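Structure, as structure tokens:
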Amino acid sequence: MFGMIPKTNPKEEKVIEVISAPENVAAFRGAGTVTAEDYDKIIPTIEEKLSEHEEIGILADLTDLEDMTGDALRRDLQYGLSKLGELHRFQRAAVVYEKQWIKAATEMTGALFPQIEARVFPADEKTQALEWVARVQ
């Protein structure tokens with residue numbers, strides 16, 4: 001009977017949190033496993049920033065990210081493709097990472113979208129990442 005009680009691991013919980021940042025930056029912290037539903041928080045925040053500023057920066061603190069579902073990757077790609085005509089408005093993207101696969105994925109994405117200046121920052125450089133991404137033209 002006690003074996004049926006689900007064990008919860010905080011790292012397995014999905015959490016996308018909008019974090020404090022300058023007005024021209026959409027900033028998020030991701031932990032656990034990101035799902036497509038998490039984009040219901042991400043996309044409106046980005047759209048709000050775009051409605052207020054001609055150019056914005058994006059900060060993603062993925063230090064505690066464990067994984068992304070296939071549906072989350074698909075939703076990310078769909079949103080990105082819907083913004084192809086507006087990529088010039090996304091001046092900078094900063095990703096704070098701890099896991100090498102996140103760094104590699106960010107660098108690959110940066111190569112695919114050279115109009116966006118993307119940089120990765122190790123976990124101990126979160127402050128520098130925020131300062132850098134906020135310096136949009």
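Taking amide H as placed 1.01 Å from N in the peptide plane, ALA93 has its amide H under 5 Å from the amide H of ILE58, GLU117, ALA118, ARG119, each at least 5 places away in sequence or on another chain.
Shown in residue order for the range 100-112 are the 3J(HN,Hα) couplings computed by the Karplus curve 6.51 cos²θ - 1.76 cosθ + 1.60 at θ = phi - 60°: 4, 5, 5, 4, 4, 5, 5, 5, 5, 4, x, 5, 6 Hz (x for Gly and Pro). Remark: the VAL15-SER51 segment gains 10.4 nm on full extension, using 0.36 nm per residue and subtracting the alpha carbon distance.
Under 5 Å from the amide H of ALA134 lies no amide H of any residue 5 or more positions distant or on a separate chain, with H modelled from the backbone and absent for Pro and chain starts. For the modelled label position 7 Å from the Cα of ASP64 along Cα-to-Cβ, which residues of the range 116-137 have backbone nitrogen atoms closer than 20 Å? The answer is 121-130. Shown for the range 2-133: lysine pairs separated by 8 or more places, or found on different chains, whose C-alpha atoms are under 28 Å apart, numbering 25. The phi-based Karplus calculation (6.51 cos²θ - 1.76 cosθ + 1.60; θ = phi - 60°) puts the 3J(HN,Hα) values of the range 78-91 at 4, 5, x, 5, 5, 9, 3, x, 10, 4, 4, 7, 9, 5 Hz, whole numbers, x for Gly and Pro. Nearest 5 is fine: what % of DSSP beta bridges in the range 2-133 come out antiparallel, could you say? Antiparallel: roughly 15 percent of the beta bridges in the range 2-133. Using the rule -39500 (n - 2.57) for each DSSP H run of four or more residues, divided by the residues of the chain, the 222 nm mean residue ellipticity is -11000 deg cm²/dmol. Computed over the range 2-133, the convex hull of the alpha-carbon atoms projects to a mean area of 8.7 nm². Working from label points 7 Å from Cα in the Cα-to-Cβ sense, the ILE43 to GLU117 distance is 2.9 nm.
Based on Cα contacts under 8 Å between residues 6+ apart, the range 2-133 shows a relative contact order of 22 percent.
Applying the Karplus relation 6.51 cos²θ - 1.76 cosθ + 1.60 with θ = phi - 60° to the range 28-39 yields 3J(HN,Hα) values of 9, 10, x, 9, x, 10, 7, 10, 4, 5, 5, 5 Hz, where x marks Gly and Pro.
None of the figures in this text is laboratory data; all of them are computed from the coordinates on show. Just so it is clear, the structure is predicted and the values come from calculations on it, not from any experiment. Using ideal geometry, Cβ is built from the backbone for each residue, glycine included, and neighbour counts are taken over all protein chains shown.
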